[in-house]
Structure formats: C-alpha cells, structure tokens
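Here's the structure we're looking at; comments come further down.
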Amino acid sequence: MENPPNDTEAKQIQPNGGKRTKGGIITMPFIIANEGFEKVASYGLLPNMIMYLIRDYRFGVAKGTNVLYMWSAASSFTPLLGAFLSDSYLGRFLTISIASLSSFLGMVLLWLTAMLPQVKPSPCDPTAAGSNCGPATASHLALLYSAFALISIGSGGIRPCSLAFGADQLDNKENPKNERVLESFFGWYYASSAVAVLIAFTGIVYIQEHLGWKIGFGVPAVLMLIAALLFVLASPLYVTRGVSKSLFTGLAQVGVAAYKKRKLSLPDHHDSVDCYYHTKDSDLKAPSHKLRFLNKACLISKREEEIGSDGFSLNSWRLCTTDKVEELKALIKVIPIWSTGIMMSINTSQSTFQVLQATSMDRRLSGHGSSFQVPAGSFGMFTIIALATWVVLYDRAVIPLASKIRGRPFRLSVKLRMGLGLFMSFLAMAVSATVESFRRNKAISQGYGNNPNAVVDFSAMWLVPQYVLHGLAEALTAIGQTEFFYTEFPKSMSSIAASLFGLGMGVASLLASVVLNAVNELTSRNGKESWVSDNINKGHYNYYYWVLAIMSFINVIYYVICSWSYGPLVDQVRNGRVNGVREEEELLDIAGKGFGKEDLSAVIKAN
C-alpha cells in the first residue's frame, strides 16, 4: 500500500515571523569543514600510494595501478549506495555521520600498516645478492584492502550527501533570489573542496615524502577524526528532511507497473486528469507527455480494485503515483547528458603517466640555480588552483561585470558550461600529446632512449598548461552537471543527483583501464614496443594521448546532440513563468520543439 507523504521536513522548518528556525548560513562551516577535512585526508593518500604499494608491498607497476583503479572505482560507485540509503532510509545527517566514522576507521587501519612491521612483507633489497624477496601474502593484504574498503564506504556516504545536505540548509523557495543563492553555494562548495584537495596534494604529499609513511598516514586519520566531530557537534542547528521509503524500489515499481499495463491504451491527454493516480497533496495531477509508455504505470484501469477506501494504492507494483513516474522519467532523461562526462573523467584519471612524465623532467622552480623541486605527485595542484580560481572569478567578477554591461542579470547557462568544459578536456589531451612529443624527442636527442630514470633537460613547468585545462574542464563540467542534476530532479532524489557525477568517475576508472589495456595489447603485437611501455622514452605516450584527444572530440559532438535533444531545462521554464519573461501561452508555443505542451504545463504547475 502507498504510504502517506512524510511531513518530517515541514516539522523541521517552522514559521516564526516568516523566518526559518534552523539551517541557514550558520551551518555552512560545519558541513563544508566535514567535506574539506575528508577530502584532505582521503585525497592526500592517493598521489604517493603507488610508491607505498611498490616499495612496502612489492607490487609491480601494473598490479599497483590496477589496485588503485579498483579503489578509485569503488570510491566512486559507493556514493550511489550512500545516496540510496540516505534518501530512502537513513537521512543525510545519519548517513554522513556513519560514513565519517567508517572513513576514520579505514585511515586508522592504513596507519597501522605503516606502524606494525608484521602486517606487511619484511624489508628486502631485491638487488642484493642472494636476496629472496617474496610477494605480499593474503594475510598481509587483508588489512590493506580492509582499509581501502572502509575509506571507500566513508566516501560513499559523505560525498553524495554533503552537497545536498548543505543545499537543504539554504534552499528556500520563498526567497526570490533562491536560485542565485544555490548557484553561489554550489560554486563555493566546490572551491572549498578544491582548496582541500590542493592542501592534500601539497601538504600531505610533502609530509609523506619527508617524514615517512607513519606520520604521512597518521595526519589524515587525525584530520578525519576532527571532521567527524565538527559535523556531529553542530547537529542541533541542521534542517533535516524526511526520507521517502525505498526510492529505488519505487522506481522499479514504475517499470513493472508500466509493463503489466503495456496493452492498455492511454486516454486523451486533454481530458485525462482523473484517469491518473496521484496523492492528494501532489501538484502533478497528470504525467508529462515525454516517455509516455511509462504513464501507464499511474493509469487507473479498475478503480475499485486498485485504490482502497483510504485513497491509497492497494498494490504499488501495479499502480504508482504520477510523482514516481516523473522521478523515473527524470532519471532516464539525464542519462545521455550524464554519459558525456565520462570521457572527461577518463582524461583526468591519467595521473600515473603524468607523474612518470614529471619524474623524468626538470622539476626545479627556477631552473638550474634552484635546489627546490616540485614533487612529481604535487603537479595535480595546478588543476585544483585553476578550478578554484575560475569559480571565484566567475562568481565575483564575470557575473557582476557581465550583468553591469548588459544592464540585467546574466549567467552562463548550465548546458553551455558543461559543453565548454568538455571542449576544454579535449584541448587538455591535445596539449598533453604535444608536450609529450617534445619531451620524448628531447630525451632521445640527449641519449636517454634506454634510460627511463634519467632526468631530461626539459622543464616540467611545460606540464602546467594541461593541468590548468583539466581544472577548467572540471570547473565547468563537474559543477555544471551537479547543478543540472540537482535542479532537474525532484527534491526526493537530490542525493542521487549529487552522486551521479561520482558514478561517472567510477565508470571512467573502469573504462580507462579497458582503454589502456587495449592500447597496450594492440601496440605491442609482433614484438613491438608498446605505446605505454614501462620505459617512457621508448614508448609513445604522445600517441596514447592523441587517441584520448580524438575520443574527447567525438564526445563533444555527442554532447551537442544530447543537449539539443534534451530540450528546455526546468529552471528555464520556471523562470520564464515566475519572472514574467514569457506568458504561459507563449511558452507553450515555443515548447513545440520536442518539449510537449502537456509536459510544460505539468512542470509549471509542479513548480
């Protein structure tokens, strides 16, 4: 039986002279601090982890890279589970609290692998005469993999819920500037996250390289403990929204119900409101016109057999509400645009090769007269700097200046931002291929063709432009996609909206491995040197980058098609209605291009 709507959210936001008694800007330091410390702790473990696995656990480069790919994929997939548990059962506050504890325990276990000699292979010099350096045993790996698993579980709970939980504290439909407030929050949230990752790539990496793994793993554990405590201590201040039981089950019920009624005919849409099942307080009396085959899930065929005396569905696997139908439609509709971000994530996941490039180049800041070298694992900081700089400039300079010049509010549309980001990602790979061609030619001309460990007389600062382009791509596409999902989905799916980009990163990690293995196998046939050889000077990393660049360019074209096919956004429709830019009749006429009039009417009524 369909349950009545949950009114927990309404109880958390009480009228008091028109003001909210909970939430607001006062909660932001605690929420953002929790996310920030978690990112400093978890991202600080990534850059040098391959070296820890090779030196302390005797992994080969390929095995170590595959383990890290799987860990990265797990950390990206678990947010979907975290979003499901948060939206359907636990609520965002409890999910974040449990996840923070899991991350802390995982980091403690990882710290123990550095502290306790007996939990990993004994120190051994493989170059020494008569040495017998065996691989890590299953018992050695158990603690290590358990640490990775707990950290991934923690990431799965914090990352999808933190952003949506912060938006819950600020989202106020009665505020005419609500959309601008949310857009600013999304930007500053990502900027603060970027600063946290920047600290991880510099401070934590430096500690690991100069003070060892014991302190290098201990500091993230302490930071994670602080993150958990800060978040929990502010619990009395938070707005907590009610959960909608079994969100994914509800979506599955729509598909099953639509299939069961597949032979029924849909009524005339102009006079069919009473034919569709909806809750009493729902503004959506009839489903939208797109994906009409799903409308049969909420079509009332036999009222006396499908609806009880209390007005609720007797079998949700046969009759669903119009709201559930629209939730599934919203998810299906965004899948093509979501998939366009996968290629960008594949490009940004090539950190192993970038570290190898940086290691083989002159990393001194001021040429031969400087003794300070930028750690090879810290070059990712330029991506974060570019991302944070763009967010700040866009929010504080670009928008105000453009609005002043135009004489009215101005903002780049979310679709345009996503498209520009994907194009930047293509440029990043093209620049990467060009720079690597120059580096490789230099190495060969200097006689280092057979010496992959040699440092080429070629400044590593030439790598900075590609990192900057990656940062701009992520600033435009990652933030744009998150905002796109959050605004297009119903509020009951907001955590899933926040986790979809991370899910794309997980898919990208797996596909990156597939692409790499395919290139390695195809180019190493007949005894040829692989393009992705262990010897960076014999391989052709530049050719590999060009493959990714070509794929990225095709992806830009694919995005243009997906964006055009999607039609107008919910915000575009709502703003045209609320601000009086267009009357409903004009909107309905314009909507004829693939966005049904009935669909638009439903959106207007729902918002």
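The values are calculated or read from the model by the stated rules, or taken from the named source; none is laboratory data. Values in this document were obtained by computation on a predicted structure and should not be read as measured data. Methodologically, a virtual Cβ is constructed for each residue, glycine included, from the backbone with ideal geometry; neighbour enumeration extends over all protein chains shown. Please note that ligands, DNA and RNA were not included when accessible areas were found on the heavy atoms of the full protein model with its side chains. Shrake-Rupley method; radii C 1.70, N 1.55, O 1.52, S 1.80 Å.
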*What are the residues in region 58-90 that are more than 25 Å from residue 379 (Cα to Cα) and not in a helix (DSSP H, G or I), if any?*
58
_For the structure I just gave you, tell me whether residue 468 is more than 30 Å from residue 154 (Cβ to Cβ), of a type in the set (Val, Ile, Thr) and surrounded by 19 or more Cβ atoms within 10 Å (Cβ to Cβ)._
yes
*Please work out which one of (1) closer than 22 Å to residue 478 by Cβ; (2) surrounded by 23 or more Cβ atoms within 10 Å (Cβ to Cβ) is the condition residue 81 fails and give its number.*
(2)
_Qualifying position, being modelled with pLDDT of 85 or more, closer than 25 Å to residue 184 by Cβ and either in contact with a Leu (Cβ under 8 Å, 6 or more places away or on another chain) or part of a helix (DSSP H, G or I) (or both), among 26, 96_ = 96
*Might you let me know whether region 303-318 holds any residue that is within 23 Å of residue 496 (Cα to Cα) and of a type outside the set (Lys, Arg)?*
yes
*Set 410, 438, 382, 426: member being open to solvent by 10 Å² or more (accessible area, probe 1.4 Å), free of Cβ contacts under 8 Å to residues at least 12 places away in the same chain and either within 21 Å of residue 545 (Cβ to Cβ) or under 28 Å from the mean Cα position of the chain (by Cα) (or both)*: 410
_Breaking point among (1) closer than 20 Å to residue 31 by Cα; (2) crowded, with 19+ Cβ neighbours inside 10 Å, for residue 120_ = (1)
*Could you list all residues from region 517-550 that are in contact (Cβ under 8 Å) with a residue 24 or more places away in the chain, more than 17 Å from residue 65 (Cα to Cα), open to solvent by 60 Å² or more (accessible area, probe 1.4 Å) and not hydrophobic (A, V, I, L, M, F, W, C)?*
538, 543
*Are there any helices (runs of 4 or more DSSP H) wholly within region 284-365 with 2 or more residues that are buried (at least 17 other Cβ atoms within 10 Å of the Cβ) and in contact with a helix residue (DSSP H, G or I) (Cβ under 7 Å, 6 or more places away or on another chain), and if so which?*
322-348, 351-359
*Would you check if residue 149 is in a loop (DSSP other than H, G, I, E, B), within 29 Å of residue 74 (Cβ to Cβ) and modelled with pLDDT of 75 or more?*
no
*State all residues of region 207-232 that are open to solvent by 50 Å² or more (accessible area, probe 1.4 Å) and under 28 Å from residue 169 (Cα atoms); if no residue qualifies, say none.*
222, 225, 226, 229, 230, 232
*Go through (1) out of contact with any helix residue (DSSP H, G or I) (no Cβ under 9 Å at 6 or more places or on another chain); (2) open to solvent by less than 50 Å² (accessible area, probe 1.4 Å); (3) among the hydrophobic types (A, V, I, L, M, F, W, C) one by one and return the number of the condition residue 433 breaks.*
(1)
*Of residues in region 486-515 being modelled with pLDDT of 85 or more and not small (Gly, Ala, Ser), the one surrounded by the fewest Cβ atoms within 10 Å (Cβ to Cβ)*: 514
*Can you name every residue in region 209-225 that is part of a helix (DSSP H, G or I) and more than 24 Å from the chain's Cα centre (by Cα)?*
209, 210, 211, 213, 214, 215, 216, 217, 218, 219, 222
